[in-house]
Amino acid sequence: MMDESQLKDCIGKAVQGDAAAFREIVLSHQRLVAHVVFRMTGNAADAEDLCQDVFVKVYQNLGGFRGESKFSTWVGRIAYNTCINHLHKKRMPLFEDVRKGSGDLDDQPGNDEWPDAYAEGRDLKARMDKEMACLTGLQRTVLTLYHVDEMSYGEIGEMLEMPEGTIKSHLFRARKKLR
């Protein structure tokens with residue numbers, strides 16, 4: 001992620017129409033958006049389209065970002081709302097998870113990985129995916145935002161429009177189910 005001054009500079013340039021500046025914003029926030037969208041939709045094809053929709057909405061509303069919250073929280077909120085609207089339109093359950101063979105890059109062996117390490121990692125990922133499927137979409141989202149994206153309770157609460165105590169409760173329940 002870029003620091004706050006770089007981010008403010010990129011936002012200002014992107015609002016003025018600088019495509020390279022907006023590209024930098026996308027590159028620095030695409031992981032966050034992908035985590036939120038993929039955990040909520042469970043469909044790789046829909047998730048790719050939704051990620052694009054999220055960044056179109058970010059671009060369209062960039063001038064309206066007031067800086068009252070962190071930019072990543074604002075982007076995450078757009079991603080979350082976009083997913084909720086999509087799921088309501090499709091009437092899809094929030095607890096669906098990405099299935100095997102979805103084409104995730106994580107499913108491909110790396111060039112620098114030994115076969116036994118790759119197999120062990122793949123087995124661990126399969127077990128985690130199976131265990132994560134037992135969680136609700138909201139619990140998976142909170143767990144991912146907290147542990148993978150390293151967001152604070154306050155940032156997650158702001159993004160999902162929930163009190164910190166509720167976020168802590170969802171995180172506690174998710175961890176308990178995973179144990």
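Here are the numbers for this structure:
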read-out	value
Looking only at the stretch 44-86, and only at residues there that are among the hydrophobic types (A, V, I, L, M, F, W, C) and touching a Ser or Thr at 6+ places or on another chain (Cβ under 7 Å), the one that is modelled with the lowest pLDDT	44
Conditions (1) under 23 Å from residue 132 (Cα atoms); (2) under 14 Å from the mean Cα position of the chain (by Cα); number of the one not met by residue 53	(1)
Conditions (1) in a helix (DSSP H, G or I); (2) over 17 Å from residue 85 (Cα atoms); (3) out of contact with any helix residue (DSSP H, G or I) (no Cβ under 7 Å at 6 or more places or on another chain): number failed by residue 52	(2)
Residues located in the stretch 118-169, provided they are more than 28 Å from residue 74 (Cα to Cα), at pLDDT 75 or above and aliphatic (A, V, I, L, M)	126
Members of the stretch 123-153 that are in a helix (DSSP H, G or I) and in contact (Cβ under 8 Å) with a residue 60 or more places away in the chain	137, 140, 141, 144, 145
Residue match in the stretch 25-43 (condition: part of a helix (DSSP H, G or I), of a type in the set (Phe, Trp, Tyr) and at pLDDT below 90)	yes
Any hit, the stretch 154-176, residues being open to solvent by 50 Å² or more (accessible area, probe 1.4 Å), in contact (Cβ under 8 Å) with a residue 24 or more places away in the chain and among the β-branched types (Val, Ile, Thr)	no
Condition check for residue 97: at pLDDT 75 or above, in a loop (DSSP other than H, G, I, E, B) and open to solvent by less than 40 Å² (accessible area, probe 1.4 Å)	no
Test: residue 18 is more than 21 Å from residue 149 (Cα to Cα) and within 15 Å of the chain's Cα centre (by Cα)	no
Residues satisfying the stated conditions in the stretch 127-148, i.e. under 21 Å from residue 81 (Cα atoms) and buried (at least 16 other Cβ atoms within 10 Å of the Cβ)	135, 137, 138, 139, 140, 141, 142, 143, 144, 145, 146
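Per-residue answers, yes or no, for (1) touching an Asp or Glu at 6+ places or on another chain (Cβ under 8 Å); (2) under 30 Å from residue 133 (Cα atoms); (3) open to solvent by less than 20 Å² (accessible area, probe 1.4 Å):
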| residue | (1), (2), (3) |
| --- | --- |
| 5 | no, no, no |
| 8 | no, no, no |
| 18 | no, no, no |
| 22 | no, no, no |
| 37 | no, yes, yes |
| 49 | no, yes, no |
| 57 | no, yes, no |
| 62 | no, no, yes |
| 65 | no, no, no |
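The values are calculated or read from the model by the stated rules, or taken from the named source; none is laboratory data. The structure presented is a predicted model; accordingly, all values stated were derived computationally and were not measured. Don't worry about glycine lacking a Cβ; one is built from the backbone with ideal geometry, like all the others, and counts go over all protein chains shown. Heads up: the accessible areas ignore ligands, DNA and RNA and are worked out on the full protein's heavy atoms, side chains in. Shrake-Rupley method; radii C 1.70, N 1.55, O 1.52, S 1.80 Å.
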